[in-house]
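For reference, the structure discussed in these notes is given below.
Nothing in this text is a laboratory measurement; each read-out follows from the coordinates by a stated rule. Predicted, not measured: the structure shown is a model, and the values here were computed from it. Counting neighbours? That spans all protein chains shown, and the Cβs are built from the backbone with ideal geometry, glycine included.
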């Protein structure tokens with residue numbers, strides 16, 4: 001039986017994986033998955049990277065539809081909004097039966 005596939009779905013999935021395929025972005029997304037929303041300052045402190053680096057990676061994640069930001073006064077709180085990414089994080093970092101996720 002020949003392979004059957006949806007080319008559009010494969011292209012969308014490939015773009016999603018490309019957006020995640022950087023250690024800093026993967027760490028940011030894993031942090032959102034585990035802890036919920038947070039600010040650029042919090043991410044910067046956790047990763048010990050410059051604020052500009054965090055902002056560039058968040059821009060890439062926003063562009064891919066993985067995260068979104070909500071303004072609260074002078075701060076923007078970012079959070080994970082793509083449920084497929086949560087599934088990917090679970091597959092990559094947690095074993096079956098892990099009670100935390």
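Given R₀ = 35 Å, FRET efficiency for residue 72-residue 93 by Cβ-Cβ distance, to 0.05?
0.80
For region 9-93, how big is the tail of P(r) above 14 Å, as a whole percent of Cα pairs?
Roughly 60 percent, once rounded to a whole number.
List 74, 40, 29 from most exposed to least, where exposure is judged by having the fewest other Cβ atoms within 10 Å.
Least crowded to most crowded, the residues run 74, 40, 29.
Only helical DSSP H runs with n ≥ 4 go in: add -39500 (n - 2.57) per run for the chain, normalise by residue count and round the 222 nm mean residue ellipticity to 500 deg cm²/dmol.
-18000 deg cm²/dmol
May I ask you to derive the relative contact order of the chain, considering only C-alpha pairs under 8 Å and at least 6 residues apart, and to give it as an integer percent?
25 percent
Which order do 48, 6 fall in if you start with the one that has the fewest other Cβ atoms within 10 Å?
Lowest count first: 48, 6.
Order by neighbour count: 71, 84, 25, fewest other Cβ atoms within 10 Å first, most last.
Details: 71 8, 84 12, 25 20.
Lowest to highest Cβ neighbour count: 71, 84, 25.
Report, to the nearest 10°, how far helix 7-20 tilts away from the longest principal axis of the Cα atoms in the chain, using its own Cα long axis and a range of 0 to 90°.
The answer is roughly 30 degrees.
So what's the angle, to the nearest 10 degrees on a 0 to 90 scale, between helix 23-35 and the longest Cα principal axis of the chain?
80 degrees
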